[in-house]
Amino acid sequence: MDSRVGPGALVLGLLVLLLVLMYLGWRTRRRRQRDIPHPLAVPDDAGAQLLSIDLLYVASTMADAPLDRIAVQGLGFRSRAEVVVRAGGLELRLAGEPDAFVPAGDIREVSRATWTIDRVVETDGLVRLAWTLGDTDIDSYFRVTEPADPSGLIAAIRAITVTSAEDTPTHDSRTHDSPTHDSPAHDSRTYDSREK
């Protein structure tokens, strides 16, 4: 018997074991994240296109946890992508996945980052999009390569989030939290003191 067969079979067995463990780990992660919904489909009223840029989609993770990858369909794998900034939100066109939409009102922040799971680049070489998917706050990371400066993308996203915030009605606390002249004042002695 060829003496190389033994070591070759051992290496092959280790590779198979590694693939099985990776599959089981991925399946466990998806089961743990089963309450996270799929991203929204692009609506008909997404608004006018403000910017379109080709880039690399790196990963999505739980908010402020760049090593805890999101595994839900449409966000689980790195791919080439196109991001379209529209008046009503972001259109995410990831290769091999259905187009997804992030409403402007669900965007919490856009900033720069240097690393996330499986990816380390030069300082501030990634764009970090902090947004809410269902009830879960997540961070999505993008690598802009052409042009190398992502300032235009960041500025466009910030512009639609500011517009969305301005369109949201504010709560007037005076309506509910302050007594009016027509309402009797509350006398705490009624409940807090006992007549002697």
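PRE reach from E146 (point 7 Å along Cα→Cβ): which of the range 57-79 fall under 17 Å by backbone N?
Only 57, 79 pass the distance filter.
Take each of the peptides 108-119, 37-48, average the number of other beta-carbon atoms within 10 Å over its residues, and list them starting from the highest.
Per-residue Cβ counts within 10 Å, averaged per peptide and sorted highest first, yield 108-119, 37-48.
Across the range 115-122, in residue order, what do the Karplus-derived ³J(HN,Hα) couplings come to in whole Hz, using 6.51 cos²θ - 1.76 cosθ + 1.60 with θ = phi - 60° and x for Gly and Pro?
So the J values, rounded to whole Hz, are 8, 8, 4, 6, 8, 10, 10, 5.
Lys and Arg at +1, Asp and Glu at -1: add these up for the other residues within a Cβ distance under 10 Å of L92 and post the number.
-3
Report the gain in length on full extension from D167 to R34: 0.36 nm times residue separation, minus Cα-Cα distance, nm rounded to one decimal.
Contour length minus Cα-Cα distance gives 44.6 nm.
Taking θ as phi - 60°, what are the ³J(HN,Hα) couplings along the range 95-106 by the Karplus curve (6.51, -1.76, 1.60), each to the nearest whole Hz, with x for Gly and Pro?
With the stated coefficients, the range 95-106 comes to 4, x, 10, x, 4, 10, 9, 10, x, 4, x, 8 Hz.
Where a number appears in this text, it was derived from the coordinates with a stated rule and is not lab data. Remember, predicted model here, so these are calculated numbers, not experimental data. Using ideal geometry, Cβ is built from the backbone for each residue, glycine included, and neighbour counts are taken over all protein chains shown.
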